[in-house]
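Peer 1: Handing you this structure, nothing more for now.
Computed from the coordinates by the stated procedures, all read-outs in this text should not be read as laboratory data. The structure presented is a predicted model; accordingly, all values stated were derived computationally and were not measured. Glycine gets a Cβ as well: all are built from the backbone with ideal geometry, and neighbour counts include every protein chain shown.
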Amino acid sequence: MHGTRWRTSRDKLNAITKQTAKYKYYLVLLKLTMESITIKVEESFAKEIEKAMKPNYSTKTEFIREAIRDKLMKLRNQKIDENLLKNFGASKVKTPLWKDEMIREQVGKEYLKRFNLE
């Protein structure tokens, strides 16, 4: 908004009104749907975060939120892998290859549904 030349004072007022509405929307949205979490990190770590986030994120919050989502997804996938490895080869019955493929497809779909990865 700074440095912008307005044609009329009405243009300026409209722009300010839109920005105020947007700000209020996000303020209400954040308060209603998100829980606030505070963390403390070493100064050098904070600087490293700022460097890493520069090209793709506008705020540290966005960067940290996505990093946490990525970590949670990795943990979910790790749990799925552990369950698959635990049960791999557990069957005592030998089945033909075509039936194995059909069973794998069915089990894969069940795991996707079970871990909300669809």
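Peer 1: What are the residues whose amide H is under 5 Å from the amide H of residue 115, where those residues sit 5 or more places off or on another chain and H is modelled from the backbone?
Peer 2: none
Peer 1: If I take all pairs of Cα atoms in segment 37-114, what percentage of them are more than 22 Å from each other?
Peer 2: Roughly 51 percent, once rounded to a whole number.
Peer 1: Also, I was wondering about something else. Using the Cα centre of segment 37-114 as origin and beta-carbon charges of +1 (Lys, Arg) and -1 (Asp, Glu), tell me which of 41, 67, 102 is placed farthest towards the positive end of the dipole.
Peer 2: About the Cα centre, the residue reaching furthest to the positive side is 102.
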